[in-house]
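Quick notes on the structure that follows.
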Amino acid sequence: MFPRIRIVLIETSHPGNIGAAARAMKNMGLTALYLVNPLQFPHEKAVWRSASAVDVVENATVVATLDEALTDCQLIVGTSARDRRIPWPMLEPKSCGELAVAEHAQGHEVAIIFGREDRGLKNEELQRCHYHVNIPTGQAYSSLNLAMAVQVLSYEILQAKLAKDAAPQQSAPNAGVAGQDESWDMDFAQSQAVELMMEHLEQTLIEVDFHDPENPRQLMTRLRRMFNRIRMDKMEVNILRGFLTAVNRKGRN
Ligand code: SAH
């Protein structure tokens, strides 16, 4: 039902959680599971816990890096049990479901990423995301079991799809935001193109002595947050790459 919405689990320790996440996904119509460096996989516990979602486990794409898991992705959402130092654009679980469904319907590739059982997602992983989602909890304990968190967000995706099918004339939650509806003339940039641009930008900022990697402060994080907030289209990335190349050429002459 949602071939272009992938669930990405990073460095999962317990194979049982992978199986339980697969089951949570299939119950809600999701099938694309990506595993970044799972500690134990394949594993019989993953199969047991998946019950009748063993196909989702068996078809999981196992990769070594988050970059590989995000190949072709145009909307990236990260999940987190706590607030981070630099605030990031946030979505409620319900609006996350609506946005994922709306973009999936437009043909975009969507990724929702989940962290390690003990330490969650690293800052650099969260900084790859356009939005962060926090599942509201009781104050005393905010960290859900990994598969339970997958369940909540998968549930919201299916609910959004059912609501959209029941009232198809309603506009998408992001309609009217530049670049976020069907009327935009360019496709959103894909993850790998944005990463190459960020590398090129960082190199150029160093070259022109604006950025000191020995004393980075939060420069690259802030620039990354800005570009993620804009959600550049393919043409905008190409223009920036061209501009950076021109700056490099000038600097080297
Ligand atoms: N101690 C870790 C918790 C990890 S729980 C931390 O503080 O980040 C494992 C994963 O489940 C998290 O990385 C996240 O992907 C998901 N998760 C758990 N609780 C969540 C919540 N309240 N909201 C959103 N995601 C949550």
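The values are calculated or read from the model by the stated rules, or taken from the named source; none is laboratory data. Because the structure is a prediction, the values reported are computed rather than measured. A quick note on method: Cβ atoms are made from the backbone with ideal geometry, for glycine too, and the neighbour counts reach across all protein chains shown. Protein only, heavy atoms only, side chains kept; ligands, DNA and RNA dropped before computing areas. Shrake-Rupley method; radii C 1.70, N 1.55, O 1.52, S 1.80 Å.
Restricting attention to segment 98-108, does a residue exist that is within 10 Å of the chain's Cα centre (by Cα), crowded, with 20+ Cβ neighbours inside 10 Å and either touching a residue at least 60 places away in the same chain (Cβ under 8 Å) or farther than 22 Å from Tyr155 by Cβ (or both)?
At the first step, the residues of segment 98-108 found to be within 10 Å of the chain's Cα centre (by Cα) are none.
No, segment 98-108 contains no residue that is within 10 Å of the chain's Cα centre (by Cα), crowded, with 20+ Cβ neighbours inside 10 Å and either touching a residue at least 60 places away in the same chain (Cβ under 8 Å) or farther than 22 Å from Tyr155 by Cβ (or both).
Looking for something open to solvent by less than 40 Å² (accessible area, probe 1.4 Å), touching a residue at least 60 places away in the same chain (Cβ under 8 Å) and not aliphatic (A, V, I, L, M) - is there at least one such residue anywhere in segment 195-208?
Filtering segment 195-208 for residues open to solvent by less than 40 Å² (accessible area, probe 1.4 Å) gives 195, 197-198, 200-201, 204-205.
Filter once more, keeping what is touching a residue at least 60 places away in the same chain (Cβ under 8 Å): 195.
Add one more test, that the residue is not aliphatic (A, V, I, L, M), and what stays is 195.
Within segment 195-208, one or more residues are open to solvent by less than 40 Å² (accessible area, probe 1.4 Å), touching a residue at least 60 places away in the same chain (Cβ under 8 Å) and not aliphatic (A, V, I, L, M).
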Selected residue [within 15 Å of the ligand (Cβ to nearest atom) and open to solvent by 20 Å² or more (accessible area, probe 1.4 Å)] from Asp118, Asp67, Asp72: Asp118
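Residue by residue through segment 121-135, note down the ones that are part of a loop (DSSP other than H, G, I, E, B), within 12 Å of the ligand (Cβ to nearest atom) and buried (at least 20 other Cβ atoms within 10 Å of the Cβ). Talk me through it step by step, then tell me what you get.
Taking segment 121-135 first, the residues part of a loop (DSSP other than H, G, I, E, B) are 121-122, 127-130, 134-135.
Subsequent filtering for residues that are within 12 Å of the ligand (Cβ to nearest atom) retains 121-122, 129, 134-135.
Matches in segment 121-135: Leu121, Cys129.
Condition first: within 16 Å of the ligand (Cβ to nearest atom), at pLDDT 95 or above, closer than 12 Å to Gly97 by Cα and open to solvent by 60 Å² or more (accessible area, probe 1.4 Å). Can you find one or more residues in segment 153-176 that meet it? So that I can check it myself, show each step before the final result.
Filtering segment 153-176 for residues within 16 Å of the ligand (Cβ to nearest atom) gives 153-157.
Among the residues that remain, those that are also at pLDDT 95 or above are: 153-157.
Right, trim to closer than 12 Å to Gly97 by Cα and you get 153-157.
Subset that is open to solvent by 60 Å² or more (accessible area, probe 1.4 Å): 155.
The answer is yes, given that some residue of segment 153-176 is within 16 Å of the ligand (Cβ to nearest atom), at pLDDT 95 or above, closer than 12 Å to Gly97 by Cα and open to solvent by 60 Å² or more (accessible area, probe 1.4 Å).
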All positions within segment 224-238 that are out of contact with any Phe, Trp or Tyr (no Cβ under 8 Å at 6 or more places or on another chain) and open to solvent by 40 Å² or more (accessible area, probe 1.4 Å): Arg224, Met226, Arg229, Ile230, Met235, Glu236, Asn238
